[in-house]
Amino acid sequence: MSKLEEQKLPDKLPDSLLEREFEIEELKSRPEDTIVSQELTINIGPHHPSTHGVFRAIMDMDGEIITRIEPVIGHLHRCFEKIAENRSYAQFMPFTDRMDYTSAMLNGWAYAMAVEKLAGIQVPERAEYLRVIAGELNRAISHLMTYTFSGLEAGAVTPFFWWFEERDKLLDLFEEIAGARMTFNYARIGGVSGDAPDGWFDRVRDFIKTLRSNLDEYYKLLFGNYIFKKRMKGIGVISAEEAIRLGITGPCLRASGVNYDVRKADPYSIYPRFDFEVPISYKGDNYDRMYMRFLELQQSLRIVEQALDQIPDGPIMAEGVPRLVCPPPGEVYAHVESSRGALGYYIVSDGSPKPYRVKIQAPSFGNLQAFTSMVVNNYFADVIMIFGTFDPCFGEVDR
Amino acid sequence: MDVSISLVIFLALAAMAIISSLMVVVGRNLFNAAMFLGAYLLVIAGFYFLLSAELVGIMQVFVYVGGVVVVLLFGIMLTSQMINVRLVSALQQRVLTLVVVAALVGLLVSIFSKTSFYYISSAEAPRDSISLIGKLFMTDYVLPFEVISVLLLAALIGAVIIAREEGRQ
Amino acid sequence: MLSSAELLNFANSHGIPLWAMDAFIAALIALGLFAAMGLGFMVQVYMERKVSAGLQLRYGPIYVGPKGSLQLVADALKFITKEDVFPSSAEPWIFRLAPVVMFAAAFLGLLVLPFGPGLVAKDLNVGLIYVLAIPSIGVAGVIMAGFGSKNRYAILGSLRAAAQMISYEVPRSLSLIGIIMIAGTMRLSSIVDGQGIWYIFLQPLGFLVFFVATMAELNRTPFDLAESESEYVNGYHTEYSGMRFGFFFFAEYMSLFAAALLTAVLFLGGWHGPGPVILAPVWLLIKVFGVIYVLMWVRWTFPRFRIDQVMDLGWKVLLPMALVNILVTGIIMSV
């Protein structure tokens, strides 16, 4: 069992340094010849260069080694689940983009799928393909970001700037179909918001080609680096049982040797039509978690290429979807494999135009649980790296 | 009066040495005292430079400022209880200090009165003092040199043992 | 101190006291060095920005001046006009003095470095030890900055920096023993004169150890643990802003320049190069900026080590390598 639970945690967070000063006073009152080694409490965040958003952690450090961690989440809480109850079904769609903003396409898709399932709407073929293409491209770039960001955490700034180039090219492509560069709002209940313009598919092919040829350089820059390997291998190991118990999903789970990918385990949309593999590894350390992302990224590109070959002509919106969707009373759970793990939407409808309850099961939230339980007895620098390999997105954790 | 730059520098250094050494003793904050000790040792290095003993001056900087004082500061910073400790001297300590200081002042005054200050060495400082020092270390002063080496080795081993003991607990 | 008879006569005829004359000349030399360093600082910062931008598929500064070359002037104006943020819990004098100490240490280190034949402020006969010893004053400055800020990131960062700088001083100094043995002198100008063959070819192992240790001394990636921005925000100068930070910044680039100059002087043949003597400083500067470029290239490519890995590298790899270098050099010289 982790050291975290053994220790008696204080009832109150040692928020103020004042409290710490009292402890020092207490130490001073001891006999003079006893040397008491006292641990240093260090606070990270909510605004810190490597907290991937707004995460706060209060840590006790013995030298450079963390002995206790107190995570504080909720700094980015925006009441999305409650907002959903006060909007019509379609009106909630833009909010989904603001949760996991690095893979916004997949978020909107998951919500649309849930509502469609609830209302019994059949999405046209072409829309499904467009969703797959946009979603998988988004996943690929999100994985590449996580990879280069871990370089940033290790002190290598350059890969992250390289990533911007790829991202910008992709955002240009997304702009053409969705009209926005960050919050796409692309998926619609019953389809997608816009069809691909002329030549778009060719441009996507070009994008994939250049990304593929660049991947080799990305690989060499970090995975091929001695220092990076030394920082990543054997650090932050999590076993398969532990990973399942803590509710980790996505690439982090597969790095521990659990073959679970929603696209294969509970196939949705048109995924059974594509030939792709789910990479899996067994060590469960930092390096594997990152390497899984790197392999998955290549699989995503494979899927997009197949989708580009297969995409049929046709409408992009289902016919007869009303402006105000009023699904029959009932409940539904739909989940997709987001870039961070299994992203699920649970929606309860009472037959009115507004959902009765929307519960979002965010993969980052589960992954963050694992992070806090495994940092104890690691170096401070490694804790930052472990945090990076779980890559929680705080828009999603806090919602 | 013929004032040379050396005299000006000497006076400035002397004033700094007196002030900083006083601050070491008078100051109540341990960290500040250590800082002033570092400044004082630097000033001493300045004296050596003034006397054209560059090697000794540089060694002073290397060993005392770069080594001793930094380790001292390390010790103070790592021992959190000591950061804000104000040093208070008790009465007995004062009496004892007075005795020691009186003895020291007596010694210094006696040396002071015996030194003739207007003696200027006619011998020029050797151009290549390093190779000379090196040769002397290996010939005339080989015994003290070796003894110091053994002492330093003993200190090194002792430090390692103490660090290991603490690590085991 | 005066060497020129004319100056002496001038002083005598105008009734200027000798010490004032000496002080004036010393101040002039210092100012000249300072001005040169200011220029070098501008060039280096511009170079760092452009090199990093080139490696990162960016443009770097482009707006201020031709191709953004005056960006640093704008930055300096910003530094000077910025509010002087003073943390309420900081130790006032230690906090204020720390940048000064850092700056002084970096500046003092330049005094014995030759820029060309005869172009040196003070050609000390123990110049080599001098340039190795002076940075240790900088360690005190780092600790002062960390402690004076009373900020936990700063304290931890300064402890890291100080530990790292002290540790790497040892292999750095030992790696140069081979050169002292071959050259038979510690005067930097004599070492340059003695380099018929560049010492990098005679001392490849020594150069390797020296170069890595220099990177660590400069606190640059892969050894930038002191200001690891993903961990300790900005290390020991987290709390500094405005001109106080400017001093750290200036000191950092001065040490970078000094380190590159030392590398060029010790290993790359100093000012030796084809052409007349007048070109000597040009050759030296070309070599210096070559070394600086390599340092920047490494900085913007590599991730950083972890603190224990840094210590392991210093004590378990570089130190034995430096000792082996001394042994091998001694054996070869005596054969």
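Looking at this structure, is A:SER142 more than 14 Å from chain C (Cβ to nearest Cβ), under 23 Å from A:ILE384 (Cβ atoms) and either touching a His at 6+ places or on another chain (Cβ under 9 Å) or not in a strand (DSSP E or B) (or both)? Spell out how you get there, then give the answer.
Working: more than 14 Å from chain C (Cβ to nearest Cβ): yes; under 23 Å from A:ILE384 (Cβ atoms): yes; either touching a His at 6+ places or on another chain (Cβ under 9 Å) or not in a strand (DSSP E or B) (or both): yes.
Considered against the rule, which asks whether it is more than 14 Å from chain C (Cβ to nearest Cβ), under 23 Å from A:ILE384 (Cβ atoms) and either touching a His at 6+ places or on another chain (Cβ under 9 Å) or not in a strand (DSSP E or B) (or both), A:SER142 comes out as yes.
Which of the helices (runs of 4 or more DSSP H) found entirely inside the stretch A:184-300 contain at least 1 residues meeting this: surrounded by fewer than 19 Cβ atoms within 10 Å (Cβ to Cβ) and not small (Gly, Ala, Ser)?
Working: elements: A:200-222, A:226-232, A:240-246, A:251-255, A:262-265.
Result: A:200-222, A:226-232, A:240-246, A:262-265.
Just one of C:ILE80, C:ILE16, C:ILE62 is in contact with a helix residue (DSSP H, G or I) (Cβ under 6 Å, 6 or more places away or on another chain), farther than 28 Å from C:PHE107 by Cα and either modelled with pLDDT of 85 or more or in a loop (DSSP other than H, G, I, E, B) (or both); which is it?
Details: C:ILE80 fails: farther than 28 Å from C:PHE107 by Cα; C:ILE16 fails: in contact with a helix residue (DSSP H, G or I) (Cβ under 6 Å, 6 or more places away or on another chain).
Result of the check over C:ILE80, C:ILE16, C:ILE62: C:ILE62.
Filter the stretch B:1-34 down to the residues that are facing chain C (nearest Cβ under 10 Å), under 27 Å from C:GLY146 (Cβ atoms) and touching a residue at least 24 places away in the same chain (Cβ under 8 Å), then identify the one that is surrounded by the fewest Cβ atoms within 10 Å (Cβ to Cβ). Please lay out each step first, then the result.
Step one: filter the stretch B:1-34 for residues facing chain C (nearest Cβ under 10 Å), giving B:1-9, B:29, B:31-32, B:34.
Right, trim to under 27 Å from C:GLY146 (Cβ atoms) and you get B:29, B:31-32, B:34.
Filter again for touching a residue at least 24 places away in the same chain (Cβ under 8 Å), leaving B:29, B:31, B:34.
Details: B:ASN29: 17, B:PHE31: 22, B:ALA34: 25.
Checking each candidate, the answer is B:ASN29.
Give just the number: which of (1) closer than 30 Å to A:HIS47 by Cα; (2) among the polar types (S, T, N, Q); (3) not in a helix (DSSP H, G or I) does C:GLN164 not satisfy?
Evaluating C:GLN164 over (1) closer than 30 Å to A:HIS47 by Cα; (2) among the polar types (S, T, N, Q); (3) not in a helix (DSSP H, G or I) leaves (3) as the failure.
Scan A:TYR101, A:TYR111, A:TYR129 and give me the residue that is touching a Cys at 6+ places or on another chain (Cβ under 8 Å) and not hydrophobic (A, V, I, L, M, F, W, C). Steps first, answer last, please.
Values: A:TYR111 fails: touching a Cys at 6+ places or on another chain (Cβ under 8 Å); A:TYR129 fails: touching a Cys at 6+ places or on another chain (Cβ under 8 Å).
A:TYR101 is the lone residue from the list that is touching a Cys at 6+ places or on another chain (Cβ under 8 Å) and not hydrophobic (A, V, I, L, M, F, W, C).
Looking at the stretch C:218-232, is at least one residue more than 12 Å from chain A (Cβ to nearest Cβ), under 18 Å from the mean Cα position of the chain (by Cα) and more than 20 Å from C:MET296 (Cβ to Cβ)? Can you show your working first?
Here is the first cut: in the stretch C:218-232, the residues more than 12 Å from chain A (Cβ to nearest Cβ) are C:218.
Checking the rest, the ones that are also under 18 Å from the mean Cα position of the chain (by Cα) come to C:218.
Filter once more, so that each one left must be more than 20 Å from C:MET296 (Cβ to Cβ): none.
Within the stretch C:218-232 (the criterion being more than 12 Å from chain A (Cβ to nearest Cβ), under 18 Å from the mean Cα position of the chain (by Cα) and more than 20 Å from C:MET296 (Cβ to Cβ)), the answer is no, since none of the residues qualifies.
Filter the stretch C:149-192 for residues that are free of Cβ contacts under 8 Å to residues at least 24 places away in the same chain and farther than 30 Å from C:GLU231 by Cα and give the result.
Correct list: C:ALA183, C:GLY184, C:SER190.
Of the numbered conditions (1) of a type outside the set (Gly, Ala, Ser); (2) at pLDDT 75 or above; (3) out of contact with any Pro (no Cβ under 7 Å at 6 or more places or on another chain), B:TYR119 satisfies every one except a single condition; which is it?
Failed condition: (2).
Considering only the stretch A:203-221, I want to know if a residue exists there that is touching a residue at least 40 places away in the same chain (Cβ under 8 Å) and polar (S, T, N, Q).
Yes, the stretch A:203-221 contains a residue that is touching a residue at least 40 places away in the same chain (Cβ under 8 Å) and polar (S, T, N, Q).
Report the residue count in the stretch A:233-279 for those that are of a type outside the set (Gly, Ala, Ser) and more than 21 Å from A:LEU297 (Cβ to Cβ).
Of all residues in the stretch A:233-279, those of a type outside the set (Gly, Ala, Ser) come to A:233, A:235, A:237-238, A:241-242, A:244-246, A:248-249, A:251-254, A:258-264, A:266-268, A:270-279.
Those still in the list that are more than 21 Å from A:LEU297 (Cβ to Cβ) too: A:235, A:237-238, A:241-242, A:244-246, A:266, A:272.
Residues meeting the conditions: 10.
One line per residue, one yes/no per condition, for (1) in contact (Cβ under 8 Å) with a residue 60 or more places away in the chain; (2) more than 10 Å from chain C (Cβ to nearest Cβ); (3) not small (Gly, Ala, Ser):
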site	(1), (2), (3)
A:ALA156	yes, no, no
A:PHE164	no, no, yes
A:LYS169	no, yes, yes
A:GLY179	no, yes, no
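Tell me, please, whether a residue that is under 30 Å from A:PHE160 (Cβ atoms), modelled with pLDDT of 80 or more and surrounded by fewer than 18 Cβ atoms within 10 Å (Cβ to Cβ) can be found in the stretch A:76-88.
As a first pass, look at the stretch A:76-88 and keep what is under 30 Å from A:PHE160 (Cβ atoms): A:76-78, A:80.
Then keep just the ones that are modelled with pLDDT of 80 or more; that gives A:76-78, A:80.
After this cut, where a residue has to be surrounded by fewer than 18 Cβ atoms within 10 Å (Cβ to Cβ) as well, the list is A:77-78.
So far as the stretch A:76-88 goes, yes, one or more of its residues are under 30 Å from A:PHE160 (Cβ atoms), modelled with pLDDT of 80 or more and surrounded by fewer than 18 Cβ atoms within 10 Å (Cβ to Cβ).
Which of the residues spanning the stretch C:170-190 are at pLDDT below 85, part of a helix (DSSP H, G or I) and under 20 Å from the mean Cα position of the chain (by Cα)?
The answer is C:LEU188, C:SER189.
Give the number of residues within the stretch C:121-148 that are more than 18 Å from B:PHE31 (Cα to Cα), at the interface with chain B (Cβ under 9 Å from one of its Cβ atoms) and hydrophobic (A, V, I, L, M, F, W, C).
Qualifying residue count, the stretch C:121-148: 6.
Given the conditions (1) within 14 Å of chain A (Cβ to nearest Cβ); (2) surrounded by 15 or more Cβ atoms within 10 Å (Cβ to Cβ), which single one is not true for C:GLY54?
Among (1) within 14 Å of chain A (Cβ to nearest Cβ); (2) surrounded by 15 or more Cβ atoms within 10 Å (Cβ to Cβ), C:GLY54 violates only (2).
Okay, residues lined up against (1) surrounded by fewer than 23 Cβ atoms within 10 Å (Cβ to Cβ); (2) of a type outside the set (A, V, I, L, M, F, W, C); (3) within 10 Å of chain B (Cβ to nearest Cβ):
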residue	(1), (2), (3)
C:LEU119	yes, no, no
C:LYS150	yes, yes, yes
C:TYR153	no, yes, no
C:ALA162	no, no, yes
C:ALA183	yes, no, no
C:ILE191	no, no, no
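Looking at (1) within 14 Å of chain B (Cβ to nearest Cβ); (2) more than 17 Å from the chain's Cα centre (by Cα); (3) surrounded by 20 or more Cβ atoms within 10 Å (Cβ to Cβ); (4) modelled with pLDDT under 85, which one does C:PHE95 not meet, given that it meets all the others?
It fails just one condition, (4).
Within the set of pairs 6 or more residues apart or between chains, which connect a residue that is facing chain C (nearest Cβ under 7 Å) inside the stretch B:53-65 to a residue that is among the charged types (D, E, K, R) with Cβ atoms less than 9 Å apart?
That search, which allows pairs on different chains as well, returns B:PHE62/C:GLU169.
Looking at this structure, is B:LEU41 at pLDDT 80 or above, more than 9 Å from chain C (Cβ to nearest Cβ) and either under 30 Å from C:MET186 (Cβ atoms) or in contact with a helix residue (DSSP H, G or I) (Cβ under 6 Å, 6 or more places away or on another chain) (or both)?
Details: at pLDDT 80 or above: yes; more than 9 Å from chain C (Cβ to nearest Cβ): yes; either under 30 Å from C:MET186 (Cβ atoms) or in contact with a helix residue (DSSP H, G or I) (Cβ under 6 Å, 6 or more places away or on another chain) (or both): yes.
Considered against the rule, which asks whether it is at pLDDT 80 or above, more than 9 Å from chain C (Cβ to nearest Cβ) and either under 30 Å from C:MET186 (Cβ atoms) or in contact with a helix residue (DSSP H, G or I) (Cβ under 6 Å, 6 or more places away or on another chain) (or both), B:LEU41 comes out as yes.
Kindly state which strands (runs of 3 or more DSSP E) lie completely within the stretch A:324-399 and contain at least 3 residues that are over 22 Å from the mean Cα position of the chain (by Cα) and more than 30 Å from A:THR148 (Cα to Cα). Reasoning before the result, please.
Values: elements: A:330-338, A:341-349, A:355-361.
Here the list reads A:330-338, A:355-361.
Considering only the stretch C:166-178, how many residues are out of contact with any Ser or Thr (no Cβ under 6 Å at 6 or more places or on another chain) and buried (at least 24 other Cβ atoms within 10 Å of the Cβ)? Walk me through how you get there before you give the answer.
Filtering the stretch C:166-178 for residues out of contact with any Ser or Thr (no Cβ under 6 Å at 6 or more places or on another chain) gives C:166-177.
Filter once more, keeping what is buried (at least 24 other Cβ atoms within 10 Å of the Cβ): C:168, C:171-172, C:175-176.
Residues flagged as out of contact with any Ser or Thr (no Cβ under 6 Å at 6 or more places or on another chain) and buried (at least 24 other Cβ atoms within 10 Å of the Cβ) within the stretch C:166-178 amount to 5.
Tally time: how many residues in the stretch C:270-318 are in a helix (DSSP H, G or I), within 14 Å of another protein chain (Cβ to nearest Cβ) and in contact (Cβ under 8 Å) with a residue 40 or more places away in the chain?
Residues flagged as in a helix (DSSP H, G or I), within 14 Å of another protein chain (Cβ to nearest Cβ) and in contact (Cβ under 8 Å) with a residue 40 or more places away in the chain within the stretch C:270-318 amount to 9.
The values are calculated or read from the model by the stated rules, or taken from the named source; none is laboratory data. Everything numeric in this text was worked out from a predicted model, so none of it was measured. Because the Cβ atoms are built from the backbone with ideal geometry, glycine has one as well, and the counts that use them run over all protein chains shown.
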